[in-house]
Amino acid sequence: QVRLVESGGGLVQPGGSLRLSCAASGIIFRLNTMQWHRQAPGKQRELVASITSGGSTNYADSVKGRFTISRDNAKNTVYLQMNSLKPEDTAVYYCYLRSRYVWGQGTQVTVSS
C-alpha cells in the first residue's frame with residue numbers, strides 16, 4: 001500500500017523559514033517524480049514544486065528563488081525548504097505521487113505576525 005506522510009508545518013512569521021518533509025512507503029521511491037502542492041482557503045490546489053527521479057526540479061513562479069525541493073532516496077523522503085515566507089504562502093501543503101495519483105494528508109503552514 002502506498003503511503004505519503006507529511007510533517008514540518010507550523011506557524012512562522014513573515015520572512016521566516018520552514019522545512020517540510022514527506023516520507024513515502026510502498027513504492028520504489030527513487031524511480032518516481034514527487035511533487036508538492038498547496039491549497040489556500042477558498043482557492044484551488046496548485047502545484048508548488050516537483051522533482052524527477054533524476055533530480056530535475058520545477059517551481060511555480062510565485063515561489064522561485066525562495067523554495068527548494070530536494071529528495072533523499074536512501075530515506076524515501078522528499079523535502080520542501082521554504083525561505084522568505086510571505087503571508088500569501090499560508091496554505092495546506094500536500095505531497096503528491098504523480099505515478100499513482102496518491103496524496104498525503106497535508107500539513108498546515110501559516111505565515112503571520
Being more than 19 Å from GLY8 (Cβ to Cβ) and either touching an Asp or Glu at 6+ places or on another chain (Cβ under 8 Å) or without any contact (Cβ under 8 Å) to a residue 24 or more places away in the chain (or both) narrows it down to one of THR57, THR68, THR52, THR107, so name that one.
THR52
Looking at segment 98-113, which of its residues are touching a helix residue (DSSP H, G or I) at 6+ places or on another chain (Cβ under 9 Å) and buried (at least 18 other Cβ atoms within 10 Å of the Cβ)?
VAL109, VAL111
Give me the pairs, please: first residue somewhere in segment 1-17 and β-branched (Val, Ile, Thr), second residue anywhere and in a loop (DSSP other than H, G, I, E, B), beta-carbon distance under 6 Å, and either six or more positions apart or on two chains.
VAL2/GLY26; VAL2/ILE27; VAL2/ARG100; VAL12/LEU85
Residues in segment 22-33: is at least one under 15 Å from TYR94 (Cα atoms) and either open to solvent by 50 Å² or more (accessible area, probe 1.4 Å) or in contact with a Gly (Cβ under 8 Å, 6 or more places away or on another chain) (or both)?
yes
Restricting the search to segment 34-61, which residues are exposed (fewer than 13 other Cβ atoms within 10 Å of the Cβ) and farther than 16 Å from TYR96 by Cβ?
PRO41, GLY42, LYS43, GLY54, GLY55, SER56, ASP61
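Can you go through SER50, SER62 and tell me which one is hydroxyl-bearing (Ser, Thr, Tyr), over 16 Å from SER7 (Cα atoms) and in a strand (DSSP E or B)? Even if it seems obvious, please write down each step before you answer.
Working: SER62 fails: in a strand (DSSP E or B).
Criteria check complete, one pass: SER50.
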Taking LEU80 and the conditions (1) aliphatic (A, V, I, L, M); (2) open to solvent by 60 Å² or more (accessible area, probe 1.4 Å); (3) part of a strand (DSSP E or B), which numbered condition does it fall short on, given that it satisfies the others?
(2)
Restrict the check to segment 38-46 and report whether at least one residue is within 19 Å of LYS75 (Cβ to Cβ), of a type outside the set (D, E, K, R), in a strand (DSSP E or B) and in contact with a strand residue (DSSP E or B) (Cβ under 9 Å, 6 or more places away or on another chain).
no
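Out of the residues in segment 8-21 that are in contact with a Ser or Thr (Cβ under 7 Å, 6 or more places away or on another chain) and open to solvent by less than 60 Å² (accessible area, probe 1.4 Å), state the one that is nearest to GLN108 (Cα to Cα). If you could, list the steps in order and put the result at the bottom.
Pass one, segment 8-21, residues in contact with a Ser or Thr (Cβ under 7 Å, 6 or more places away or on another chain): 8-9, 11, 13-15, 20-21.
Of the ones still in play, those that are also open to solvent by less than 60 Å² (accessible area, probe 1.4 Å) are 8-9, 15, 20-21.
On the way: GLY8: 9, GLY9: 5, GLY15: 17, LEU20: 10, SER21: 12 Å.
The qualifying residue nearest to GLN108 (Cα to Cα) is GLY9.
The values are calculated or read from the model by the stated rules, or taken from the named source; none is laboratory data. Since this is a predicted model, take the numbers as computed values, not measurements. Heads up, the Cβs are rebuilt from the backbone with ideal geometry, glycines too, and the neighbour counts pull from every protein chain shown. Only protein heavy atoms, including side chains, enter the accessible area calculation; ligands, DNA and RNA are left aside. Shrake-Rupley method; radii C 1.70, N 1.55, O 1.52, S 1.80 Å.
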